[in-house]
Amino acid sequence: MVQSRKGMLKERVMDLASPTTILPLLFGCLGIFSLLRLLQRIRSKAYLRNAVVVVTGATSGLGRECARVFHAAGAKLVLCGRNVKALEELTRELAASSSQGQTHQPFVVTFDLADPGTIAAAAAEILQCFGYVDVLINNAGVSYRGTISDTLVDVDRKVMEINYFGPVALTKALLPSMVERKQGHIVAISSIQGKISIPFRSAYSASKHATQAFFDCLRAEMEEANIKVTVISPGYIHTNLSVNAVTADGSRYGALDKNTAQGRSAAEVAQDVFDAVGKKEKDVLLTDFVPSMAVYIRTLAPGLFFRIMASRARKERKSKSS
């Protein structure tokens, strides 16, 4: 009797494990997953349609692609950067790709995050565009390549000014209007190097660590005011970030390094930024498996992480000297 029951149970398990049963289940799960993603995308677009979105560093790279994605979703854009011609070119491009009745003509505000004296006036000009800001995307930044021992302190200060103090100042200038409305969303485009530090990127990594810490604090302090804060930490993106990086003496690096060349496209990352903002996510890591694991290794096995980074430094020095 017991054996017959076991036999019947085995037959049922085999029936369930047959291809005719598993395949429909797999396709059903994929269908449900695709439907959920579609619904989330619709919710994201609804959240951002007609929202006033400010994008800094909109003249090129990730900022430019974010402008395209958010504009296509119907956001009211304020595009910020140093190069007024590049910003105006982008607005013409967006206007040419617009769907009548679904998109809005962007505004342009020109200023330099490296100049603290321009930020208060820039924030006032931004608020004059639509009267308020729903989403601030702090994207503008500069990278760095060099050894700590050779780097001028003025270079460290410059990188911190652009990547940290500039975004902090702009955020503080726009924050009171958000608090008054009890509504707003602040986005900081950080980096995987804001979570782990790699050799010969000291100034950049330090600025991104500071960014992560500041906006984590801001998120906690602004919860009662209903202000959302999202920190996004991408890995390598195929842009001109390394080309425009500053070096130890402050000069331009001028080269597209291998990791950057093999990075994800800015368009892909911009879509991920859009999705993260639409989902109101708090902290997003946009990297491959190995960099993501490095974050956990740094926390759980720091000794191993330090050895890996020391090895990387030796290899990089050797490759440069050969």
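Using 19 Å as the cut-off for backbone N distance, which residues of segment 166-186 belong to the label zone defined by a point 7 Å from the Cα of Ala124 along Cα→Cβ?
169-178
Just to compare against my own numbers: the Cα pair-distance distribution for segment 103-150, 10 Å bins, whole % per bin, please.
18, 44, 21, 12, 5, 0
Tell me the GluC sites (Glu not before Pro) within segment 247-322 that lie in a loop according to DSSP and have at most 15 other beta-carbon atoms within 10 Å. Kindly include the intermediate steps, with their values, before the conclusion.
Working: sites: Glu268, Glu281, Glu316; in loops: Glu281.
Passing both the DSSP loop test and the Cβ count: Glu281.
If you stretched the chain out fully between Glu180 and Asn50, how much longer would it get, using 0.36 nm times the residue separation minus the C-alpha to C-alpha distance? Don't skip to the answer; put the middle values down first.
Values: separation 130, 0.36 × 130 = 46.80 nm, distance 1.96 nm.
Result: 44.8 nm gained on full extension.
Could you check the spin-label model distance between Val153 and Tyr296? Points 7 Å from the Cα along Cα→Cβ, value in nm.
4.1 nm
Which cross-chain or sequence-distant (5 or more) residues have an amide H under 5 Å from the amide H of Leu77, H modelled 1.01 Å from N in plane?
Val53, Phe107
Near the amide H of Asp283, under 5 Å away, which other amide H atoms are found, from residues 5 or more places off or on another chain, if H is placed in the peptide plane?
Sorted by chain and number, the residues that satisfy this are Val231.
Computed over the Cα atoms of segment 130-257, what is the convex hull's projected area averaged over all directions, in nm²? Working shown, then result.
Details: hull surface 32.7 nm².
Average projection, Cα convex hull of segment 130-257: 8.2 nm².
Would you kindly derive the ³J(HN,Hα) couplings of segment 180-196 from the backbone phi angles with the Karplus curve 6.51 cos²θ - 1.76 cosθ + 1.60 (θ = phi - 60°), listing them in order in whole Hz, with x for Gly and Pro?
Karplus-based 3J(HN,Hα) across segment 180-196 equals 4, 7, 6, 7, x, 9, 10, 10, 10, 7, 9, 6, 4, 6, x, 10, 9 Hz.
Express the carbon and sulfur contribution to the solvent-accessible surface of segment 124-255 as a percent, rounded to the nearest whole number, probe 1.4 angstrom. Show your work: numbers first, answer last.
Working: 2910 of 5440 Å².
Carbon and sulfur together cover 54 percent of it.
Would you mind counting up the charge near Tyr132? Only other residues with Cβ under 12 Å from its Cβ, with Lys and Arg at +1 and Asp and Glu at -1. Display every interim value, and only then the final one.
Details: positive: Lys76, Arg181, Lys182; negative: Asp134, Glu180.
Neighbour charge sum, excluding Tyr132 itself: +1.
What does the net charge come to around Leu175 if you take all other residues with beta carbon closer than 14 Å to its beta carbon, with K and R at +1 and D and E at -1?
Net of charged neighbours comes to 0.
The values are calculated or read from the model by the stated rules, or taken from the named source; none is laboratory data. Bear in mind that the values here come from a model prediction, so they are computed numbers and not experimental data. With ideal geometry, Cβ positions are generated from the backbone for all residues, glycine too; neighbour counts draw on all protein chains shown. Accessible surface areas use protein heavy atoms only, side chains included; no ligands, DNA or RNA. Shrake-Rupley method; radii C 1.70, N 1.55, O 1.52, S 1.80 Å.
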